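Contents: one structure, followed by commentary.
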Amino acid sequence: MSRRLLVASAMAALLLVAVATTLILWAHGFKETDRAQELGEVVLDAVWIATGLVAWQRRPGNRVGLLMMAAGVADLVSHLYWSAPVAYALVSVLSGLQIPIFVHLFLAFPSGRPTTRFERRFVASLYCAWIALAPVALLLADTSDDCERCPSNPFRVVDSDAVASAFGTVASVLAAGVLVITVVLLVRKVRRAGTATRRAMGPVLLAITIAAVSLVPLVVAESVGSDLSDTTVGLISFLAWCAIPVAFLVGVLRTRLQRSAVADLVVELGAASRPDEVRDAIARALRDPSLELAFWLPANERYVDPAGRPLDPTSDGARAVTVLENDERRVAALVHDPALLDEPELLEAVGAAASLTLENARLQAELSAQLTEVRASRARIVEAGDAERRRLERDLHDGAQQRLLGVRLALQLARGRIADGDGSVDDLLTEADAEVGDALEELRALARGIHPAILTDEGLAPAIAALARRASVPIELNIAPERLPEPVEATAYFVASEALANVAKHARASRATIGVARTNGRVAIEVTDDGVGGADAEGTGLRGLRDRVEALDGQLEVETQAGAGTRVTAVIPCA
Amino acid sequence: MRVILADDAVLVREGIARLLAEHGVEVVGQADTGEQLVELVAADPPDVAVIDIRMPPTFTNEGLLAAQAIRDAFPRVGTVVLSQYVDIEYALKLVTGTSERVGYLLKDRVTDLKEFLDVLQRVATGGTVVEPSLVAELVAAPAAPDPLGELTAREREVLVLIAEGKTDRGIANELFVTRKTVEAHVRSILRKLDLPADAGENRRVHAVLAFLAANGSTIHLGRPSDDEDRYGHAGHGATRSV
């Protein structure tokens with residue numbers, strides 16, 4: 001809004017007030033009302049216009065300021081006392097515009113727009129009704145009835161008192177209906193108001209209550225025939241009515257304070273990096289501690305909470321859902337107090353302020369959801385691999401090994417049967433038996449490498465002890481004799497096995513140690529040697545070990561220095 | 001001699017049964033599982049039960065458990081446990097307590113019929129037999145410090161034979177020396193290795209096996225809290241052997 005427009009509006013309003021005042025002072029005579037009271041009404045209208053101007057200037061985006069000005073102007077128009085018949089008739093019709101404007105103002109306060117679709121339709125239909133009825137009123141109304149010296153309506157075409165009074169009755173009934181509906185809507189609005197709306201409406205409700213109460217002594221006095229309007233009581237009541245537009249202004253400025261919460265949010269979001277911090281910042285900005293933030297994962301077509309768990313945001317009476325978008329792509333949804341729907345601008349501003357950070361946080365939430373899945377699948381792959389190794393070992397044991405043994409037995413039987421016969425056949429059988437024996441030996445070594453039976457049967461300590469006995473150098477063992485979960489035992493065994501294989505191949509060590517200890521929910525496996533060091537931590541063997549250990553969420557470390565030996569440490573979580 | 005066989009591998013079990021039958025051993029029963037074996041033994045106790053260590057339902061150490069159950073309920077029945085893999089843990093479990101009438105062999109041994117018959121005979125008459133390749137592995141394992149270093153070459157030979165469950169007379173025959181010489185060697189070995197000298201021929205098998213198992217590699221089986229402390233200082237050489 002330009003400064004020029006504001007000044008022009010102010011000047012126009014001032015002019016209107018001056019005209020109204022002049023008319024009351026000089027041309028009011030034909031109407032027998034209290035001049036002081038009329039002037040008071042003009043002052044009240046001027047207050048509405050002035051406060052509306054301030055509200056408009058301070059919150060240009062909010063229509064409340066304009067509506068306040070419009071309300072003041074509409075009321076002021078009804079106090080323009082021209083005795084000229086045409087002007088008088090037009091003024092009396094125009095003053096009917098007050099009804100839609102005031103209803104609009106109340107329903108649009110404090111956000112600037114009526115909240116629900118019904119409210120918006122209601123307000124629109126009031127304007128339409130006025131547009132439709134005003135010409136009818138102009139053609140039917142009998143203005144000379146208003147007062148003794150009031151001019152008659154020059155536009156009047158149907159000169160029938162019956163029609164005029166019927167129209168008057170219809171208009172009154174309509175006005176009463178509008179009043180009832182408006183009160184119901186306002187009560188509902190107050191009851192459903194969110195914290196922010198309540199903050200804004202508080203001063204207005206208070207001012208209206210005080211103004212209404214201040215009328216009571218005046219009405220009571222009037223009923224017994226005395227007029228207190230020129231006394232202090234009347235002055236107080238007048239000031240109380242003037243306080244109402246001021247209260248509207250305060251309410252609008254309070255929502256402006258709310259806006260500064262959006263500014264705070266922008267600052268906070270700059271510091272928030274984790275998805276849950278983003279949620280907390282938005283909850284503070286919207287003053288809704290129960291706010292839930294749901295991130296949209298386009299790949300999975302579902303929402304997840306900041307921790308990556310699936311969430312299904314649904315809108316019911318108790319919770320409302322607002323979907324936030326960035327560049328027309330769905331980013332997140334807020335599940336919040338329905339009262340916040342009264343402040344669509346606030347929700348929109350918060351959504352806009354948070355959209356970039358939300359996009360960021362959404363990617364993080366998506367990533368952590370994927371990471372969780374990848375971790376689980378990696379652990380499953382390792383476990384499946386172990387199960388496969390066990391199955392292979394068992395297949396060898398029950399299949400090839402037993403069959404070869406059966407062959408050896410058959411060869412023995414054959415040798416027994418031809419004991420007295422040909423010596424060369426016996427030699428052949430002996431040779432065949434030796435071959436089968438060698439094959440069995442090789443199969444045994446192979447099966448042990450695939451998965452040692454003693455690991456499954458007896459656990460880690462005996463399995464590693466057996467490994468150590470076949471090692472190339474003396475090994476000092478330091479292993480607690482407890483059983484661990486199968487995947488942990490298998491991984492620890494392969495760490496020890498691979499590390500010992502490296503000791504034998506590269507370390508030129510004179511001795512080595514293997515330690516396995518379980519502390520604080522973790523199992524640590526440490527293999528050290530006193531060899532030449534310089535192990536390649538990224539070689540295929542150690543790389544494979546690292547993958548195995550990390551698949552169980554563990555860590556593998558290789559410390560190796562030329563001439564100072566090698567230390568391989570694996571730490572695996574083990575509840 | 002009356003024998004019961006237990007092995008879920010039918011091919012092998014039938015093969016052993018036929019070989020034994022052809023050499024005058026009476027195979028009075030065959031079982032698929034440890035449970036079935038124990039029932040057969042209870043119904044008609046044989047001289048020896050020959051048992052495969054891996055059988056249904058878990059295919060781990062059912063044979064070992066069945067052997068222990070038989071030994072507890074029928075001390076006069078000998079048990080020979082066969083396995084595709086031999087390990088000291090199983091050997092110690094088998095010979096713990098009364099190491100009489102037990103055998104623990106690699107399954108391949110059944111194909112050397114003469115020796116297998118000898119094993120059955122020894123177990124049936126109260127002896128103990130432990131797989132020679134296992135004993136060889138234990139004796140050959142690198143150890144620091146090598147507690148066997150003090151033994152003479154002859155004493156090491158005798159030690160291996162003790163561990164295999166040979167009697168003094170058996171050792172004397174094997175080494176072509178007198179029984180008195182063997183007894184002298186045995187006393188010297190037990191003294192040098194700090195083992196109880198008064199153990200009988202069978203109990204000393206367990207003592208020697210346990211000694212070899214514990215010294216082949218230095219094992220500390222401490223409480224977890226001890227381990228934590230030791231482990232925490234491992235970087236400064238606390239667990240280095242001396």
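FYI, it's all coordinate maths here, none of it is from the lab. What you see is a predicted model, and the numbers here were worked out from it, not measured in a lab. Backbone-built Cβ (ideal geometry, glycine too); neighbour counts: all protein chains shown.
What average count of beta carbons from other chains do you get within 10 Å of the Cβ of residues in A:395-403? Write out the running numbers ahead of the final one.
Working: counts 0, 1, 6, 5, 1, 0, 6, 11, 3.
The per-residue average across the peptide is 4.
Just to confirm a number: summing +1 for Lys and Arg and -1 for Asp and Glu over residues other than B:D8 whose beta-carbon lies under 11 angstrom from that of B:D8, what do you get?
Numbers: positive: B:R13, B:R54; negative: A:D398, B:D7, B:D32, B:D52, B:E62.
Result for the local shell: -3.
May I ask for log10 I(q)/I(0) of the range A:356-414 at q = 0.13, 0.30 Å⁻¹, from a Debye sum over the Cα atoms as equal point scatterers with solvent left out? Rounded to two decimals, the profile gives -0.59, -1.04. For chain A, adding -39500 (n - 2.57) for each run of n ≥ 4 DSSP H residues and dividing by the number of residues yields -22000 deg cm²/dmol at 222 nm. Highest mean packing first, where packing is the average number of other Cβ atoms within 10 Å per residue, the peptides B:48-61, A:535-548 line up as B:48-61, A:535-548. For A:Q555 and A:S160, the difference between the fully extended length at 0.36 nm per residue and the C-alpha to C-alpha distance is 132.3 nm.
Over every Cα atom in the range A:171-245, the radius of gyration and the widest Cα-Cα span, Dmax, amount to 15.7, 45 Å.
Going from the residue with the fewest nearby Cβ atoms within 10 Å to the one with the most, A:I99, B:I171 rank A:I99, B:I171.
When only Cα pairs under 8 Å and 6 or more residues apart are kept, what is the percent relative contact order across chain A? List each step's numbers first, then the result.
Working: 782 pairs, mean separation 44.5, N = 575.
Worked out over chain A, it gives 8 percent.
Among B:K114, B:K166, sorting on how many other beta-carbon atoms sit within 10 Å of each Cβ, with the fewest leading, yields B:K114, B:K166.
For the range B:137-218, report the % of Cα-Cα distances exceeding 16 Å. Intermediate values should be presented prior to the final figure.
Values: 1524 of 3321 pairs.
Everything past 16 Å amounts to 46 percent.
Under 5 Å between amide hydrogens, built in the peptide plane, is the criterion, and for B:G103 it picks out B:T79, B:V80, B:V81, B:V129 among residues at least 5 positions away or on other chains. Computed from label points 7 Å out along Cα-Cβ, the spacing between A:A387 and A:T231 is 9.5 nm. Under the classification rounded if a/c is under 1.5, otherwise prolate if a/b is larger than b/c and oblate if not, where does the range A:49-118 fall, given a ≥ b ≥ c as square roots of the Cα gyration tensor eigenvalues? It comes out oblate by the Cα gyration axes.
Counting other Cβ atoms within 10 Å, keep those with at most 16, restrict to DSSP loop, and tell me which chymotrypsin sites (Phe, Trp or Tyr not before Pro) in the range B:103-198 are left. It would help to have the intermediate numbers written out before the result.
On the way: sites: B:Y104, B:F116, B:F176; in loops: B:F176.
Sites meeting the loop and neighbour criteria: B:F176.
Counting only other chain Cβ atoms within 10 Å of each residue's Cβ, the peptide B:106-116 averages 4.
Projecting the Cα positions of A:T197, A:I381, A:M11 onto the charge dipole of chain A (unit charges on Cβ atoms of Lys, Arg, Asp and Glu, taken about the Cα centre) puts A:M11 furthest along the positive direction.
So if R0 is 22 Å, what FRET efficiency would A:N360 and A:A307 give, r being the distance between their Cβ atoms, rounded to the nearest 0.05? With a Förster radius of 22 Å, E is 0.85.
Distance between the 7 Å Cα→Cβ label points at A:E373 and A:R192: 3.9 nm.
I'd like the trypsin sites (Lys or Arg not before Pro) in the range A:102-156 restricted to DSSP loop residues with at most 13 other Cβ atoms within 10 Å, sorted by number.
On the way: sites: A:R117, A:R120, A:R121, A:R149, A:R156; in loops: A:R149, A:R156.
Taking the range A:102-156 and a limit of 13 other Cβ atoms within 10 Å, the loop trypsin sites (Lys or Arg not before Pro) found are A:R149.
Shown in residue order for the range B:22-33 are the 3J(HN,Hα) couplings computed by the Karplus curve 6.51 cos²θ - 1.76 cosθ + 1.60 at θ = phi - 60°: 5, 10, x, 9, 8, 8, 8, x, 9, 10, 8, 10 Hz (x for Gly and Pro).
In plain terms, the chain from A:R149 to A:E441 could stretch by 92.0 nm, reckoned as 0.36 nm per residue minus the Cα-Cα distance.
Relative contact order of chain B: what whole-number percent is it, with Cα pairs under 8 angstrom and at least 6 residues apart? Working shown, then result.
Working: 355 pairs, mean separation 33.7, N = 242.
For chain B, the relative contact order is 14 percent.
Under the simplified labelling scheme, the A:R121-B:K114 pair shows an inter-label distance of 11.0 nm, with each label point 7 Å from Cα along Cα→Cβ.
Compared with the dominant principal axis of the Cα atoms in chain B, helix B:34-43 is inclined by about 60°. Whole-Hz ³J(HN,Hα) for each residue in the range A:501-511, computed from phi via Karplus 6.51 cos²θ - 1.76 cosθ + 1.60 with θ = phi - 60°, x for glycine and proline: what do you get? For the range A:501-511, the Karplus-derived couplings read 4, 5, 4, 5, 7, 10, 6, 6, 8, 9, 6 Hz, x marking Gly and Pro.
Between the helical axis of A:64-77 and the longest alpha-carbon principal axis of chain A there is an angle of about 10 degrees. Here the extension length gained between A:V173 and A:A8 equals 55.5 nm, from 0.36 nm per residue of separation less the Cα-Cα distance.
Computed over the range B:10-62, the range of Cα coordinates on each principal axis works out to 33, 25, 13 Å, biggest value leading. Computed log10 I(q)/I(0) for chain A at 0.07, 0.12 Å⁻¹: -0.67, -1.18, from the Debye equation with unit scatterers placed on every C-alpha and solvent omitted. In chain A, a dipole from Cβ-located charges (positive for Lys and Arg, negative for Asp and Glu) runs towards its positive end, and of A:T22, A:V47, A:T430 it is A:T22 whose Cα lies farthest in that direction.
The range A:8-101: which chymotrypsin sites (Phe, Trp or Tyr not before Pro) are DSSP loop and have at most 12 other beta-carbon atoms within 10 angstrom?
none
Rounded to whole Å and ordered largest first, report the semi-axes of the equivalent ellipsoid of the range B:2-130 derived from its Cα gyration tensor (root of 5λ). Walk me through the intermediate numbers first.
On the way: eigenvalues 64, 52, 47 Å².
Its equivalent ellipsoid spans semi-axes of 18, 16, 15 Å.
Taking the Cα centre of the range B:137-218 as reference, the dipole from Cβ charges on Lys and Arg (+1) and Asp and Glu (-1) amounts to some 260 debye.
Given a Förster distance of 45 angstrom, what is the FRET efficiency for A:R380 paired with B:A42, based on the Cβ-Cβ distance and rounded to 0.05? Walk me through the numbers on the way to the answer.
Numbers: r = 45 Å, r/R0 = 1.01.
That gives a FRET efficiency of 0.50.
Among the residues of A:199-212, the average count of other protein chain beta-carbon atoms within 10 Å of the residue beta-carbon is 0.
Take A:F106, A:F118 and order them by how many other Cβ atoms sit within 10 Å, fewest up front. Don't skip to the answer; put the middle values down first.
Numbers: A:F106 22, A:F118 13.
Result, fewest neighbours first: A:F118, A:F106.
When restricted to Cα atoms, chain B yields an Rg and a Dmax of 19.7, 64 Å, respectively.
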